[in-house]
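To start, the structure under review is shown below, and the notes come after it.
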Amino acid sequence: MTTAEAAPPRQSTLLLYAGTIFLSAFLLFLVQPIIAKQILPWFGGSAAVWATCMVFFQVTLLAGYAYADWTTRRLAPRQQALLHGVLLVASLLLLPIVPGAVWKPTGAENPSWQILGLLAATIGLPYLLLSTTTPLVQAWFARRHQHAMPYRLFALSNLASLLALLAYPFAIEPWVTARIQSWTWSACYVAFAGLCIWAAAGSARAGTGAPAVEAAKDAPTATKPGVALQLEWLALAAMGSFMLLAVTNHLCQNIASIPFLWIAPLSIYLASFIFCFDQPRWYQRWVFWPLAAVLLPLMAREASSLELMQVAPLYAGGLFVCCMCCHGELARSKPAPQFLTTFYLMLSIGGAVGGLLVGFAAPYLLRGFFEISIGLAACAALLTVCARRAGWWAVVLGVAVTGGTAWKAWEAVKVQIADAREMRRNFYGAIRTTDSSAPEPFRSLMHGEILHGGQFLELEKRFSANTYFAPTSGFGRLFASLPAGPRKVGVVGLGAGSIIAYARKGDEFRFYEINPQVLELARSEFTFLTQGPAKTEVALGDGRLSLEREPSQQFDVLALDAFSGDAIPLHLLTREAFAIYLKHLKPGGVIILQATNRYVNIAPVVAKLAAEHGLTAVLVSDDVESDPDGTETWFYETDQIIVTANKALLDAPKIREGGKVLKPRPDFHVWTDDYNNLFRVLKIGGDTVIPEWLSRMLDWLIRRKLHRPLLSPEIRP
């Protein structure tokens, strides 16, 4: 070792390496919500879009770590620097990272493979090179300063990743349009490429001239990690990744697929890495193992709950504890610096395995959303294996917790399968049909834990209105107020086909449904499509994309009854989307939106869109009451919004007496494909999540033109 190599790293050198790692990690995780949000509307707003994107990110991360490991061990420093520099320059040719319209699906493709191909073509090489940076630069740092431990640079990279994720929903998404996000990210990537080439050149100049496998002969001896230890690294990393995606899927499937619900679990996951690899004292078994023993069975018990106030904090805390345990055990067993690329390679293999199991295997191998229950039981079992290092008491506790968690997990699975007639699952989710005999025979279609319509089983009532289509609902009042004569109705979102209850002979109903399995069950389990009085047809594919491609259908009514989780997909609520809808309406036609959900208040969004297009929006809230004896009915409380310029229709008695005209709020800005602010419309128990004082502050900031060059024109006063 030379004197220069033995000396502590200079401040400028340390800043170069730390800055390169920080910027690369920041860009690595910032691009994830940027690109995923842009392609989410193309695939119906499905929660599986983010899961599939995560599979791509993790597999590419694995490829990046494998590249770093191979080039560090097999190439001399100058060769490695030259190769990396050439690839960085080549990656600039793919900028800016804007998905091409050629990748928009037509409905016939496998969405998982379509997304993977799109991501590979759009961000593949830049993402691969960003993913190599943390292990590669740490290896360069360790080679240049052989006495220094580089693992705190790993904690720094995770801190940068966490900052990127937290910045997106609060500092970027509400203010900056999607296109500007892509261009700004691309400009920052150019700066990163320059920094990385500079760091590579410095490493090459200070290198020994031999690959790491040869240079390691002269390095201080250290125990090489065995196969068993490497497999344990893989399993722990896979478990953390599995739990991350399983929890994210669970929340998105039952609430909405939105960037905030992607980012919150991922931030928790990264925070655990930061704590565990920054200082050993952050992870204490006597603290986190008892917490895991309590939280794992509780999470398994609540796997079927839809109560956000209970489930979200529980799963956030449980995910953090699980990840702290998995990543803490990883940090405790990390090897000497000369084996760090192998260590990171096993971590990335584990991350990819966990992602593939949830994102690819589960939708096609499991009939329901069982992965969260499987993951909780598996996590308890894996921690029990790790407990052998702490003593017999920890193993006994682990066995007991594993048994309790598995029991509660099985109870949650049984809730889904116990009364199911048919169960199907694919990229777009898990659906099932169930029969109920009380208060009268009824068949329901469930998407996860969300009801998507149903049908009475008695012959004389099979075409009667039900669920969200009661006679006093917005749908019921609208159809009762339409003029006589045949009607042509478009419906985005098929469900069970329950809206056919309002069909008459001579009517035409054209459905737009993205999930082919929903169509299969609508035809095999329900009779609305096959035996109803109207002529029906179904166009498979995302409703908005299908309408965009079709000539004007001249609908009398266009109903938006599509859901992602418990909320209407956001891409159906933009200026551009409404322009498409209006193209398909007859003069005096009507748009009606299903606004019934627990967590998103779309009324101000629709009111603003309606006003911009010279239309009137009327909210019909139907507070259906139970029977006098308290028995259940098959009508539900609903919120539905009627949008039209047809004043005669709005003056119809049933609409006038049950509706409330929505006035556009002057402080609310129209949503576009480039801009939306979901925090303004989130609600819990009827109240918005964002306090009024904070909403006013955000509005004031917009009026003051904060970040004016980055704001889209439509959100400027």
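List of remarks:
- Test for Gly317: is it of a type outside the set (Asp, Glu) and within 13 Å of Gly240 (Cα to Cα): no
- The residues of the stretch 428-438 that are surrounded by fewer than 22 Cβ atoms within 10 Å (Cβ to Cβ), in contact with a strand residue (DSSP E or B) (Cβ under 9 Å, 6 or more places away or on another chain) and not hydroxyl-bearing (Ser, Thr, Tyr) amount to a single one, Asp435.
- Selection status of Ala430, over 24 Å from Glu520 (Cα atoms), in contact (Cβ under 8 Å) with a residue 40 or more places away in the chain and outside the structural domain of Glu513 (by TED's automatic domain parsing): no
- In the set Trp183, Trp103, only one residue is closer than 19 Å to Ala51 by Cα and modelled with pLDDT of 80 or more; that residue is Trp103.
- Members of the stretch 192-214 that are modelled with pLDDT under 55 and within 20 Å of Thr133 (Cβ to Cβ): Ala212
- Members of the stretch 427-453 found to be at pLDDT 90 or above and under 15 Å from Leu366 (Cβ atoms), listed by number: Ile431, Arg432
- Within the set Thr106, Thr52, the sole residue that is in a loop (DSSP other than H, G, I, E, B) and touching a Gly at 6+ places or on another chain (Cβ under 7 Å) turns out to be Thr106.
- The residue that is farthest from Ala607 (Cα to Cα), counting only those in the stretch 641-686 that are of a type in the set (Lys, Arg) and part of a strand (DSSP E or B), is Lys683.
Yes/no matrix, rows are residues, columns are (1) surrounded by 24 or more Cβ atoms within 10 Å (Cβ to Cβ); (2) touching a residue at least 12 places away in the same chain (Cβ under 8 Å):
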site	(1), (2)
Glu440	no, yes
Glu460	no, no
Gly490	yes, yes
Ala496	yes, yes
Gly506	no, yes
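- Tally, over the stretch 586-634, of residues that are modelled with pLDDT under 85 and farther than 30 Å from Ala438 by Cβ: 1
- A single entry from Leu82, Leu75 fulfils the requirement of being surrounded by fewer than 22 Cβ atoms within 10 Å (Cβ to Cβ) and modelled with pLDDT of 90 or more: Leu82.
- Among the residues of the stretch 588-598, those identified as in a strand (DSSP E or B) and crowded, with 20+ Cβ neighbours inside 10 Å are Gly589, Val590, Ile591, Ile592, Leu593, Gln594.
- The residues of the stretch 341-376 that are crowded, with 22+ Cβ neighbours inside 10 Å and over 23 Å from the mean Cα position of the chain (by Cα), listed by number, are Thr341, Phe343, Tyr344, Leu345, Met346.
- The residues on offer are Val353, Val358, and the sole one that is of a type outside the set (Phe, Trp, Tyr) and closer than 16 Å to Glu232 by Cα is Val353.
- Considering the conditions (1) surrounded by 18 or more Cβ atoms within 10 Å (Cβ to Cβ); (2) at pLDDT below 85, Arg388 is excluded by exactly one of them, (1).
- Among the residues of the stretch 255-313, those identified as over 24 Å from Ser161 (Cβ atoms), charged (D, E, K, R) and modelled with pLDDT under 85 are Glu302, Glu307.
- Arg388 being over 17 Å from Ala303 (Cα atoms) and either touching a residue at least 12 places away in the same chain (Cβ under 8 Å) or outside any helix (DSSP H, G or I) (or both): no
The values are calculated or read from the model by the stated rules, or taken from the named source; none is laboratory data. This one's a predicted model, so the numbers in the text were calculated from it and none came from an experiment. Cβ coordinates were reconstructed from backbone atoms using ideal geometry, including for glycine residues, and neighbour counts include every protein chain displayed.
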